[in-house]
1. Can you pull out every residue in segment 167-187 that is in a helix (DSSP H, G or I) and crowded, with 22+ Cβ neighbours inside 10 Å?
2. So, in segment 94-103, how many residues would count as being under 30 Å from Ala248 (Cβ atoms) and open to solvent by 30 Å² or more (accessible area, probe 1.4 Å)?
3. Residue by residue through segment 220-256, note down the ones that are open to solvent by 10 Å² or more (accessible area, probe 1.4 Å), in a loop (DSSP other than H, G, I, E, B), touching a Gly at 6+ places or on another chain (Cβ under 9 Å) and of a type in the set (A, V, I, L, M).
4. Checking the structure you have, find out if any residue of segment 114-127 is at pLDDT below 95, within 20 Å of Ala241 (Cα to Cα) and surrounded by 14 or more Cβ atoms within 10 Å (Cβ to Cβ).
5. What is the residue count in segment 198-224 for residues that are more than 18 Å from Trp78 (Cα to Cα) and under 14 Å from the mean Cα position of the chain (by Cα)?
6. Evaluate segment 111-121: report whether one residue or more is assigned to a loop (DSSP other than H, G, I, E, B), more than 11 Å from Val216 (Cα to Cα) and over 17 Å from the mean Cα position of the chain (by Cα).
7. What are the residues in segment 188-200 that are outside any helix (DSSP H, G or I) and either surrounded by fewer than 24 Cβ atoms within 10 Å (Cβ to Cβ) or among the hydrophobic types (A, V, I, L, M, F, W, C) (or both), if any?
8. When only residues in segment 141-157 that are of a type outside the set (Ser, Thr, Tyr) and within 17 Å of Val239 (Cβ to Cβ) count, which is modelled with the lowest pLDDT?
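The values are calculated or read from the model by the stated rules, or taken from the named source; none is laboratory data. Since the structure is predicted, the reported quantities are computational estimates derived from the model, not experimental observations. So basically every Cβ, Gly included, is an ideal-geometry build from the backbone, and we count neighbours across all protein chains shown. Note: areas computed on protein heavy atoms with side chains; ligands, DNA, RNA excluded. Shrake-Rupley method; radii C 1.70, N 1.55, O 1.52, S 1.80 Å.
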Amino acid sequence: MFLVEKVIDIVDHAGDLVLDKLKSGFTVSQKGRIDLVTDADLGSEEYIVQQLRKEFPGHSIVGEENGRHEMQGSDYVWYIDPLDGTTNYVHRVPYFAVSVALAHRGEIILGVVYNPASGDRFTAEKGKGAFLNGSRIRVSETECLEQSLLVTGFPYDIRTTERDNMAEFARVTRKSQGVRRTGSAALDLCNVACGRFDGYWETNINVWDIAAGSLVVTEAGGKVTNISGQTLDLHGREVLASNGIIHAELVEAVGR
């Protein structure tokens, strides 16, 4: 428990930095035509990396904005998304998060996802369950896709890629109660974990987007795989998560 509490402190402070910048003003630049980065992203990651290096000097670190900090021979890797949902943040939509996960020999063993705008803090440790602000959470009990509320996302290269998720979005929308597009993969996964959504899928996704949230889902009793329903590869650029009950139906509906 000491480890997760230490990570919560780091993530909470990073969230405070992000929220302070939202109030005081931030700068925006572009990594791609619709892929934004702010000085809040950069400041949050700089702080998290600094703290992790101090607390866990032998661990490797992978961050969205500044790449990989490799420690030779380390079995531990931290995955950092300092501000997941940057486009929401820039437009002042309060659906964004700081996400930090720890992997041991390729398996995620700890995850913390914090939305400082709402105060929602999701935590999970391997084998110890998933929690929202300290209270245990479970996935929904929705029994079929037709009764499910789902969530998805679209890639930053949507204007040029053939894998734009539009056909899948239309197909699944017709087979379910609805599909939302909210703009933060980390929070989408966590909202599957606590039963607000019944399922989620996305392609062209990065490891730092899903590392923490994927553990939160599985520890809440859900299921996380790739789009085809096979074992999740964190570096495989795709994810499909559900309450487990509707998983096969969702895989079939997405149709990849």
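1. Step one: filter segment 167-187 for residues in a helix (DSSP H, G or I), giving 167-175, 185-187.
Val172, Ala185, Ala186, Leu187 - these are the residues of segment 167-187 that are in a helix (DSSP H, G or I) and crowded, with 22+ Cβ neighbours inside 10 Å.
2. Pass one, segment 94-103, residues under 30 Å from Ala248 (Cβ atoms): 95, 97, 99, 101, 103.
With open to solvent by 30 Å² or more (accessible area, probe 1.4 Å) added as a condition, the list becomes 95.
Final tally of qualifying residues: 1.
3. Leu234
4. no
5. Result for segment 198-224: 9.
6. To start, the set of residues in segment 111-121 that are assigned to a loop (DSSP other than H, G, I, E, B) comprises 116-119.
The next check asks that each one be more than 11 Å from Val216 (Cα to Cα); those that pass are 116-119.
From what's left, over 17 Å from the mean Cα position of the chain (by Cα): none.
No: zero hits.
7. To start, the set of residues in segment 188-200 that are outside any helix (DSSP H, G or I) comprises 194-200.
Hits for segment 188-200 are Cys194, Gly195, Arg196, Phe197.
8. Kept after step one, since they are of a type outside the set (Ser, Thr, Tyr), are these residues of segment 141-157: 141, 143-147, 149-151, 153-155, 157.
Okay, now just the ones that are also within 17 Å of Val239 (Cβ to Cβ), so 150-151, 153-155.
On the way: Leu150: 98, Val151: 98, Gly153: 92, Phe154: 88, Pro155: 73.
Only one residue fits best here, namely Pro155.
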